[in-house]
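The values are calculated or read from the model by the stated rules, or taken from the named source; none is laboratory data. Everything numeric in this text was worked out from a predicted model, so none of it was measured. Glycine also receives a Cβ, built like all others from the backbone with ideal geometry; neighbour counts cover every protein chain displayed.
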Amino acid sequence: MARQFLGNRLATGALIVLAAIVIACAAAPVLTSSGPTDTSLGESLQGPSARHLLGTDQLGRDLLTRVLFGGRSTLLHALIVSLVAVGVAVPLGIVAGYVGGWADRVIATVTDIVMSLPAMIVMLVVMTAFSEHLPVAMAALGLILAPPIVRNVRGAALAVRNELFIDAAKVAGLSKGRIVFRHVFPRVLGPILVQAALATALGLQFAVGLSFLGFGAQPPSPDWGSMISEGSQVLNSSPWPLLAGGIALGLVSLTLVLVGDGLRDMAVESWTGSPSRRRRRPARPPVMVSQAPRSQDGPETEKPAPDEALLVVRGLSVAFTTGGTERKVVSDLNLTIAPGEIVGIVGESGCGKSSVSRAVSRLLASGGEIVGGSIRFADKDVASLKGEDLYEYRRHSVSYVAQDPMTALDPSLRVGVLLRRIVQAGEGLSRRAADARVLELLAQVQLPDPAAVAKRYPHELSGGMAQRVGIARAIATKPRLLIADEPTTALDVTVQAEILGLLRSLQQQLGMAVLLVSHDWGVVAQICDRVVVMYGGEVVERGRLEKVAREPAHPYTAALLACRPSSVVDDDLPLPTILGSVLSPGEWPTGCRFAARCTHRTESCDAAPIPVSAVASAHDVRCIHPLRDGDSTEVTADV
């Protein structure tokens, strides 16, 4: 990080100037040969000379000496303002942005009230009450300057809260405190540094302004405000008394802003990277990973009974509240997963797949909540878990692999550091043992040269490598259920096959269950044992993968299968598509939610909610006109 800052020549130069001024003021008694109050009337209002580098004032006092001694109190007051403003604003901003809810509303109300107050008038009132205690007044000024910083930090924390790597940290079992300090704070550090520099500059200017009005150091003691005030009275005779204090004020204010910008850039580049300043490494040759074959489970088996299942979801309903309106995105969903089983949820975008996976992992976005049904994992009631029980559930029971591998990794941490923290939180290992476990995990997900990968930042990885790191993080806590939410969508076809093969291989090695969410039948068909087809927030078909893929009973399932590129037998024909689009939550009809797009629609389809019925052993469908052998579902060609 220091190298990144030094690469900014303007900020480095400003830091050198600022440090020189601060050190000179602190060492003023050593650097000067006379005191700030020593007078020499015979040398009054002289210009710069070898004896007096900045000249003298109306009483013959050396201006450089008075600038250095006056800077000690002026800079101290500015520092008090900055420490109070930042010390109050940063915790409040992070709480408001990351925690949200009632805390956000209360903090927002208080900051709005404080920001509506005229700062200078408030300070004049405070100075009247504490005229002999200027540090107290500066602390009050810090409180007045805190609200704008609260808003900036809140905005940065709010943006980070919705990042996928925060969700992944929650699933890894990290507490809120650890997530804030290890993942949120580094991402909001840039705005904090800028605001701290600005608060210091504003505090400096307020302190000088108050002293100019007579509330600061009293004659003959110097500070920059009183020097500017005295210099303005003799401006016609000599400009140097005014320039001495004014230049000091302007120079420190300017360098503070430049240093703040440099620190901000340094903080941001520490997690985004700067290609122009990093040494280029030669590309590594691609690693070929063979795809593990699908396991053969023999003849069709019954779906697991609830007492045998690892995960049992019954009547699950999920809703999001926006603008006071509650809209269901999932309704009355049933799902079971046995230990060691791979179950896929498939459907178009907007059908509720990801909401189900996030409800199971308790990672629903802000405004989302479980409004009905139950989720049981082994002997746990997942929906009611709180505090340490919820952390324990995320730490050892479930893990989550996100869709976009890059945004799911904390960009401010090296891969090895990220995995080591998760391993230490989950297993309580020493640093050396945790580092060894990290290398083991990276080798387990078939990454070449694990030691080199552990030293890289996420932006230095390819998409496939980043997803393997995401999978390594997910299995680091030895979960019993791995939730993979469209883990191959952001990857090319070759890498998709490698990742799916890796998931199947790890599932067989570790004996964990997998819930795979995808809109791609090809992905589901490669590794899943059973499949659940969703449409409009509800299950429309479920059963053994081979049975559903070979003999779909719901028109929507058949239409999805017909739209696969592999199902097109004539290359001259356009790729089939399904008429219409998925209805948005709140627009669902009383009857069949697929009816508007279905070629088998009848009046009875719209009359009442459609129940789920069995069409074969372990094969259920939500349709009153289930397809039979020989039936077909027409789809339109996108021409």
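Among 330, 356, 371, which is touching a residue at least 60 places away in the same chain (Cβ under 8 Å) and in contact with a Ser or Thr (Cβ under 9 Å, 6 or more places away or on another chain)? When all the criteria are applied, what remains is 330. Out of 75, 53, 18, 31, one residue alone is modelled with pLDDT of 85 or more and touching a Ser or Thr at 6+ places or on another chain (Cβ under 8 Å). It is 18. The set of residues from the range 47-103 being in contact with a strand residue (DSSP E or B) (Cβ under 7 Å, 6 or more places away or on another chain) and not charged (D, E, K, R) comprises 52, 56, 63. Candidates 112, 167, 104: the one that is touching a Gly at 6+ places or on another chain (Cβ under 8 Å), over 28 Å from residue 252 (Cα atoms), assigned to a helix (DSSP H, G or I) and touching a residue at least 24 places away in the same chain (Cβ under 8 Å) is 104. Among the conditions (1) at pLDDT below 80; (2) closer than 17 Å to residue 365 by Cα; (3) small (Gly, Ala, Ser), the only one that residue 157 does not satisfy is (1).
Residue count for the range 213-246 under the criterion of being within 48 Å of the chain's Cα centre (by Cα), within 13 Å of residue 70 (Cα to Cα) and without any contact (Cβ under 8 Å) to a residue 40 or more places away in the chain: the result is 2. Residue count for the range 364-391 under the criterion of being modelled with pLDDT of 85 or more and farther than 19 Å from residue 332 by Cα: the result is 6. Can you tell me which residues in the range 208-253 are buried (at least 16 other Cβ atoms within 10 Å of the Cβ), polar (S, T, N, Q) and within 20 Å of residue 62 (Cβ to Cβ)? Answer for the range 208-253, where residues must be buried (at least 16 other Cβ atoms within 10 Å of the Cβ), polar (S, T, N, Q) and within 20 Å of residue 62 (Cβ to Cβ): 211, 226, 229, 238.
Taken over the range 283-335, the criterion of being among the hydroxyl-bearing types (Ser, Thr, Tyr) and modelled with pLDDT of 50 or more is satisfied by 317, 321, 322, 325, 331.
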